[in-house]
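Rule-based calculations on the coordinates, nothing more; no lab input. From a predicted model like this one, the values you see are computed outputs, not experimental measurements. So basically every Cβ, Gly included, is an ideal-geometry build from the backbone, and we count neighbours across all protein chains shown.
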Amino acid sequence: MVTNTATDSGGPRCTLIPISLGAVKAFLLKGERSVLIDGGYHRQAGRILKRLSECGVGPRDVSLILLTHSHDDHFGGVKELRERTGARVAVHRLDADALRAGRNKDLIPCGTRGRLASLVASEKPRGHGIEPDITLENDADLQEFGAKGKVVWTPGHTSGSVSVILDNGEAVVGDLIMARFVLCGPPDYPLFAFDVSKLRESIQKVLAFQPTTIHVSHGGPYSRQQVVKRFGSDVPASPTR
């Protein structure tokens, strides 16, 4: 699946290409250069690079690997990806230590599904942590990496979760929102949330940018209308399960 490409007086905008990795997705943001959003599980780097090649993107065309948050289904392949692309790796400051240690951060169950998932999830180091090249503090512009869009801090799933807002009306939110049945179903709360109140605020922060399509790492994508229908302008006080 390739999402829309738009143009303006400044030239072609980016094309956002979801990369299916089974239980999770990464995203290729293809512009003047390419930004890779998330890196899948450990040992999925080759699969990601193969998909990039199919999209006409070579390893050295990748200027940045941006992590939406520090969970191993998102950072597991990043060590190898950095070695093979030479791209810099960026993560929010509040998730940087978890990335260095190679461990999952903020696995705090959100509702019944999260409590069940916590039986198999672990914050123990996974053995493939890395030192980030860039630690984000505030919102960041992707223009210097050849892409038209910006990174915004959207805490809630983890304390350092970020989302990407593109100029063409699309947004990538990582696990800020998740499919109700993980891989399918309507938009819902994620399995884990370190702070549900902040998560609700972050969903509203993303909606305030008026995105037409919201991409999530598990399930989706969703239209703005689908997300508003689930969360509304006043997000429920607690996830329903």
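Among 154, 212, 135, the order by Cβ neighbours within 10 angstrom, fewest to most, reads 212, 135, 154. Think of the chain as having a plus end and a minus end, set by charges on the Cβ of Lys, Arg, Asp and Glu; of 112, 67, 128, 112 sits farthest toward the positive end of this dipole.
Within the range 113-202, list the chymotrypsin sites (Phe, Trp or Tyr not before Pro) lying in a DSSP loop whose Cβ has at most 16 other Cβ atoms in a 10 Å radius. Numbers along the way, then the final one.
Working: sites: 145, 153, 181, 192, 194; in loops: 181, 194.
Of the chymotrypsin sites (Phe, Trp or Tyr not before Pro), the ones in loops of the range 113-202 whose Cβ has at most 16 other Cβ atoms within 10 Å are 181.
For the set 25/150; 50/124; 50/205; 25/148, the pairs lying more than 26 angstrom apart at their alpha carbons are 50/124; 50/205.
Over all other residues within a Cβ to Cβ distance under 13 Å of residue 215, the charged ones net out to -1, with Lys and Arg as +1 and Asp and Glu as -1. Over what distance in Å are the Cα centres of the range 192-206 and the range 112-134 separated? When both Cα centres are located, 19 Å separates them. The label point for residue 123 and the one for residue 139, both projected 7 Å from the Cα toward the Cβ, are 3.1 nm apart. The 3J(HN,Hα) values that the Karplus relation (6.51, -1.76, 1.60; θ = phi - 60°) gives for the range 19-24 are, in residue order, 10, 6, 10, x, 7, 9 Hz. Gly and Pro appear as x. What net charge do the residues around residue 48 carry, taking every other residue with its C-beta under 10 Å from that of residue 48, with Lys and Arg at +1 and Asp and Glu at -1? Overall, the nearby charge balance is +2. For the charge dipole of the chain, defined by +1 on Lys and Arg C-beta atoms and -1 on Asp and Glu C-beta atoms about the Cα centroid, which residue among 221, 172, 151 has the Cα displaced farthest towards the positive pole? Positive-end residue among those listed: 221.
Tell me whether the range 158-224 comes out rounded, prolate or oblate; compute the Cα gyration tensor, take square roots of the eigenvalues as a ≥ b ≥ c, and use a/c under 1.5 as the rounded threshold.
Note, shape of the range 158-224 comes out oblate.
Projecting the Cα positions of 138, 76, 98 onto the charge dipole of the chain (unit charges on Cβ atoms of Lys, Arg, Asp and Glu, taken about the Cα centre) puts 76 furthest along the positive direction.
Between the DSSP loop rule and a limit of at most 11 other Cβ atoms within 10 Å, which GluC sites (Glu not before Pro) in the range 114-148 are left? Intermediate results must be reported in sequence, preceding the final value.
Values: sites: 123, 137, 144; in loops: 123, 137.
Those that pass, being in a loop and sparsely packed, are 137.
Looking at the square roots a ≥ b ≥ c of the eigenvalues of the Cα gyration tensor of the chain, which shape do they give, rounded for a/c under 1.5, prolate if a/b is larger than b/c, or oblate? Mind dumping the intermediate values first?
Details: a/c = 1.61, a/b = 1.15, b/c = 1.40.
Verdict is oblate for the chain.
Relative contact order of the range 13-231: 17 percent, from C-alpha pairs under 8 Å at least 6 residues apart in sequence.
Where both residues lie in the range 13-231, what percent of DSSP beta bridges are antiparallel, nearest 5? The answer is about 65 percent antiparallel. Seen from residue 150, the other residues with C-beta closer than 12 Å to its C-beta sum to a net charge of -3, counting Lys and Arg as +1 and Asp and Glu as -1. In this Cβ point-charge picture (+1 for Lys and Arg, -1 for Asp and Glu), the range 13-231 has a dipole of about 520 debye about its Cα centre. Please state the shape class of the range 91-181: rounded when a/c is under 1.5, otherwise prolate if a/b exceeds b/c and oblate if not, all from the C-alpha gyration tensor. Since a/c reaches 1.5 but b/c is at least a/b, the shape of the range 91-181 is classed as oblate. Taking a straight line from the alpha carbon of residue 79, these aspartates and glutamates sit under 14 Å away, with near neighbours fewer than eight places off in the same chain left out: 38, 131, 133.
For a straight C-alpha distance cut-off of 16 angstrom, the aspartates and glutamates reachable from residue 198 (same-chain residues fewer than eight places away being disregarded) are 95, 106, 175, 188, 234.
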